[in-house]
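As structure tokens, the structure follows; a few thoughts come after it.
FYI, it's all coordinate maths here, none of it is from the lab. Computed from a predicted structure; not experimentally measured. Using ideal geometry, Cβ is built from the backbone for each residue, glycine included, and neighbour counts are taken over all protein chains shown.
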Amino acid sequence: MFNVYSRPFDALGFELIMSGLLANWQAVLQRIRVAETAAQRRNGSCSLLAVSKTFPASAVAELFALGQRDFGENYVQEGLQKIEALAKHRNQLVWHFIGPLQSNKSRLVAECFDWVHSVDRLKLAERLSAQRPMQLPPLQVCLQVNISNEPTKAGVNPSEVLELAKAVAQLPRIKLRGLMAIPAPTDDPIRQRAPHSALRMLQEQLNSQGLELDTLSMGMSSDLEAAVAEGATWVRVGTALFGERTSHKGA
Ligand SMILES: *Cc1c(COP(=O)(O)O)cnc(C)c1O
């Protein structure tokens, strides 16, 4: 145990921030592990995507130093700044784009990210495939599904997923991995499971039609247990790791 009083204040502050992040990270990993066990799933079958939107590159660097490798960003410019800031670790980091994506910003995402979880239309997928640099592996893609059928929500309608998935799976520079959803929030743990269950059944339906999807990106800070119970392979967690977001962008 180090003696905190022998350290200058800024170093002490740094230790406290690090230990807070460490405690949060370990707590989230433990929640995932407990949920996997409760669902009789293999430990490690669900991975943690750390959603760092609105938090600085220094926060990503700290979590990276603890051992986290996958990070999710919602905004193109903000994400690119952090990828740049952590460029020396690029080979060890996996960057996931998880926000709404305008077609005119697809090139930067195709060139700089490893995954996109938020593909919801063929035109966007075609652009990402065409713009994916040849020297990089195919872009890993999930289709975002409007699983709660909310009129204002992003995502493809469940009834249109099969057609979109078949078309995206043909694109040469994309690897279609699975489905992603952001269900309407509810605090009731039982009701939390319904949309996750619906997304899993949709995946099974697509696989019975000849697709080979191995990924379900679902569950966030407040519903990750419900998502793991229904088969999530990525939970996307921001608040439980980094704390509440204050910037309006992250609302
Ligand atoms: C912000 C965000 C998250 C993380 O949400 P928290 O509730 O902070 O864990 C997950 N997925 C997407 C798509 C997001 O935009």
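Plugging the Kirkwood radius over Cα pairs into Stokes-Einstein for region 119-251, at a temperature of 10 °C and a viscosity of 1.306 mPa s, what D comes out in µm²/s?
Details: Rh = 15.6 Å.
Answer from the Stokes-Einstein relation: 102 µm²/s.
Enumerate by residue number the trypsin sites (Lys or Arg not before Pro) in region 71-134 meeting two conditions: DSSP loop (anything except H, G, I, E, B), and at most 13 other Cβ atoms within 10 Å of the site's Cβ. Numbers along the way, then the final one.
On the way: sites: K82, K88, R90, K105, R107, R121, K123, R127; in loops: R90, R121.
Listed in order of number, the matching sites are R90.
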Considering only DSSP beta bridges whose two residues both sit in the chain, what percent are antiparallel, to the nearest 5? 0 percent
20 Å Cα-Cα reach of K153 towards aspartates and glutamates, excluding residues that sit fewer than 8 places from it in its own chain: E73, D120, E163, D187, D223
Hydrodynamic radius (Kirkwood) for region 48-198, which is based on Cα pairs only, to one decimal in Å: 16.2 Å
